[in-house]
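Written out below as C-alpha cells is the structure these notes cover.
The values are calculated or read from the model by the stated rules, or taken from the named source; none is laboratory data. Predicted model, so just to flag it, every value in this text is computed and none were measured. Note: ideal-geometry Cβ built from the backbone for every residue, glycine included; neighbour counts use all protein chains shown.
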Amino acid sequence: MSLLARLMTEIGLMMRRPPKQQYAAICYRVKKKGVYEVLLLTSRDTGRWVIPKGWPMAGKKAHAVAEREAYEEAGVKGKAEKDLFGFYHYRKTLSNGFKIPVQVQVHLLEVQEMLKDFPEKGSRRLEWVSPAEAAERVNEPELKALFHRVAELMQVPASAQTKAIG
C-alpha cells in the first residue's frame, strides 16, 4: 500500500471515529436589578468568541473540568451545575492541520469571583454580554441555541432563578 493510500485510509478512519469529548462552562452572573450576563472569551488561535472548555482530566468529573477550565482560561471561580445543560459540536484544528470532530458537554456555572491573576491571563479577551449578544457572537449553531436557551431561562425574575437555572 502506498504512503498516500495509507494516509487516506487513516484519515477516513479518523473521520468515522466518534467525536472527541470536551467539557465547558457557560459562566453567568446576576447584576443589579436582576440583569443576567454571560462571559465570552476569545480563542487563543483564531480570536473567535468561545466559552471556557477543555479535555477530560483524570479523576475529575465533567462539571469539575468545566470549573477548572473557567478558572484557567477566564479567571473565574464558581460552582458548575453537575447536570449538563447541553451539547454542541465543532471541528478542532490540530497542530498538524487535521480537523477532528469534537462534542462539547456544557455546564452552567454561576460566577462567584473574578480573579486578577490566572494561567491564561493576557492571552484572551474577556467580555460580559447578554445571552442574546453571546448567541450573536459565537460561530457554532448549537452553541448559539444554548445561549438562546439561557436567555429564555434568564427572563424569569432573579428571585425565582435558583430553581430555574441553579
Seminar exercise, completed: Selection from the range 93-123 of residues within 14 Å of the chain's Cα centre (by Cα) and either loosely packed, with under 11 Cβ neighbours inside 10 Å or in a loop (DSSP other than H, G, I, E, B) (or both) yields none
Exercise. Just for the range 124-139: of the residues that are loosely packed, with under 13 Cβ neighbours inside 10 Å and in contact (Cβ under 8 Å) with a residue 24 or more places away in the chain, which one is farthest from the chain's Cα centre (by Cα)?
Worked result: R125
Exercise. Restricting attention to the range 30-81, and to residues there that are among the aromatic types (F, W, Y) and either under 17 Å from V104 (Cβ atoms) or touching a Leu at 6+ places or on another chain (Cβ under 8 Å) (or both), which single residue is surrounded by the fewest Cβ atoms within 10 Å (Cβ to Cβ)?
Worked result: W55
Seminar exercise, completed: The residue that is nearest to V35 (Cα to Cα), considering only those in the range 124-143 that are part of a helix (DSSP H, G or I) and touching a strand residue (DSSP E or B) at 6+ places or on another chain (Cβ under 6 Å), is P131
Seminar exercise, completed: Exactly one of Y71, Y90 is in a helix (DSSP H, G or I) and not basic (K, R), and that residue is Y71
For this session: Determine which member of the set E110, E142 is modelled with pLDDT of 95 or more and within 15 Å of Y28 (Cα to Cα).
Result: E110
